[in-house]
Amino acid sequence: MNAPQTTAAPKGFQLGSTLYSFTNEWHERRYGFEDLIAEVAKRQLGPGLEIIGFSSIRGFPNVSDDFAARFKDLMAKYGLTPSCLSINADMAIRRGTMMSIDEAVAYHAPQIEAAAKMGFPTIRCQFAAPVEVIIRLLPLLEKHGIKIGPEVHAPLNPSSPPVMAWREAYAKANSPLLGFVPDFGCCASRLPATYIANLRRQELPEDLIQLALEVWQLPKDAGWKRQEFARRVEPLNADPADVSALAVMFNILSPGTAEMWKEIMPQVVHVHGKFYDFDDNGDEASIDYNSILPVFHDGGFTGFMSSEWEGHLYMRNVDAFEMVAKHQAQARRVIARHTGAAA
């Protein structure tokens, strides 16, 4: 049996991992569900553990009593803490039509019940469902004392129209259970060199890559950037498939500042510590954690930050557990330096 986690978390908030970071290990069947949990504990990558319901649990959102009990036993055995359950909206699950509000409420409710059954205090939902769905589910959330929030993911930011609509609805509902889940991919300073290298491995034209990178840096939303990129490449008679492949970059990461999170800091219920790769100093090479983490510390955030490695989308033969360990080591360094404490 593994000993309970003893690695010190940064002051002000707690560290953890999301099983999403280990997608390649999971899909390649090198680790099963319980194996992933055991490895997270073995490498001291907790204490928080986030899972994605539909990805990790067969038959989700139906969670049997036995499975829930076994999950809680695993948390106790390995000294881990359920931090966040990520759920789906799936509003377009039926071809040719969208769910009604009533249908979406019915679709979300059993996922909330599953979170309660497994002992998760927080849920990450999605902007795909109208905020009215979550407001309708507030009595169920109150029954279980569960916080919920959509992920503010690139190319959105706290002031984007979809986020503002939820903020306005939250102000009317006035519940401490309603919040947001920032994803740090919203405040990247550049695209990862490894991502750009992957575009070149696909033999995409270098002139198109450079055009896309120029557009990515512009202070506009993703929709505008896609249109601007298309406008700039039109005279080049580029292959539409190449244009489409490059336009993906406008959605995975977006430029933004650490300061922008202050707008919603009191409503942050969980954090996705997105990262891709590291420089020679062991710092995330595209996202400025040296600026971001002090903002969350000083803002009083005391929940969990899940280390979320998304380099698995294009990087193979890389140990995801080692990448998460590097991310958490940087987080501890940044906060220790900020607070004057020992790392």
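The values are calculated or read from the model by the stated rules, or taken from the named source; none is laboratory data. Computed from a prediction, not measured in an experiment: that's the story for all the values here. Here Cβ is always computed from backbone atoms with ideal geometry, including for glycine, and neighbour counts include all displayed protein chains. When the accessible area is computed, the model is the full protein with side chains, heavy atoms only, and any ligands, DNA or RNA have been set aside. Shrake-Rupley method; radii C 1.70, N 1.55, O 1.52, S 1.80 Å.
Run lengths n ≥ 4 of DSSP H only: what is the helix-derived mean residue ellipticity at 222 nm for the chain, with -39500 (n - 2.57) per run over all residues, to the nearest 500?
Computed mean residue ellipticity for the chain: -13000 deg cm²/dmol.
Determine the per residue accessible area of region 212-343 with all protein chains present and a 1.4 angstrom probe, expressed in square angstrom.
Here the per-residue accessible area is 45 Å².
Restricting to Cα pairs below 8 Å that are 6+ residues apart, what does the relative contact order work out to for the chain? Please round to a whole percent.
Relative contact order here is 21 percent.
Going down the list K117/K220; K42/K147; K143/K172; K117/K262, which pairs span over 31 Å between their C-alpha atoms?
K117/K220; K117/K262
Roughly what would the spin-label model give for D207 and D65, points 7 Å off Cα along C-beta, in nm?
Inter-label distance under the simple model: 6.9 nm.
Quick check: at a probe of 1.4 Å, how many percent of the accessible area of the chain sits on carbon and sulfur atoms?
Its accessible area is 51 percent carbon and sulfur atoms.
Quick one: if you take sqrt(5λ) for each eigenvalue of the C-alpha gyration tensor of region 62-139, what semi-axes come out, biggest first, whole angstrom?
Over the Cα atoms of region 62-139, the semi-axes work out to 28, 12, 11 Å.
Which value in nm describes the separation of the simple spin-label points at E142 and H27, placed 7 Å from the Cα toward the beta carbon?
4.2
Just to make sure I understand: if all protein chains stay in place, what is the order of H27, H272 by accessible area at 1.4 Å, largest first?
Ranked list, largest accessible area first: H27, H272.
Which of the three applies to region 79-187, rounded, prolate or oblate, going by the alpha-carbon gyration tensor with a ≥ b ≥ c and a/c under 1.5 meaning rounded?
Because its axes are fairly even, with a/c under 1.5, region 79-187 counts as rounded.
With a Förster radius of 35 Å, plug the Cβ-Cβ distance of R58 and D221 into 1/(1 + (r/R0)^6) and report the FRET value to the nearest 0.05.
With R0 = 35 Å, the Cβ-Cβ based efficiency is 0.40.
Heavy-atom accessible area per residue, region 14-160, 1.4 Å probe: how many Å²?
That works out to 42 Å² for each residue.
What does the charge count around Y195 come to, taking other residues whose C-beta lies under 11 Å from its C-beta (Lys +1, Arg +1, Asp -1, Glu -1)?
+1
What is region 117-171's relative contact order, in percent, from Cα pairs under 8 angstrom and six or more apart in sequence?
Relative contact order for region 117-171 comes out at 41 percent.
Sorted by average packing, counted as other Cβ atoms within 10 angstrom per residue and highest first, what order do 277-284, 90-97, 263-270, 221-228 take?
So the order, starting with the most tightly packed, is 263-270, 221-228, 277-284, 90-97.
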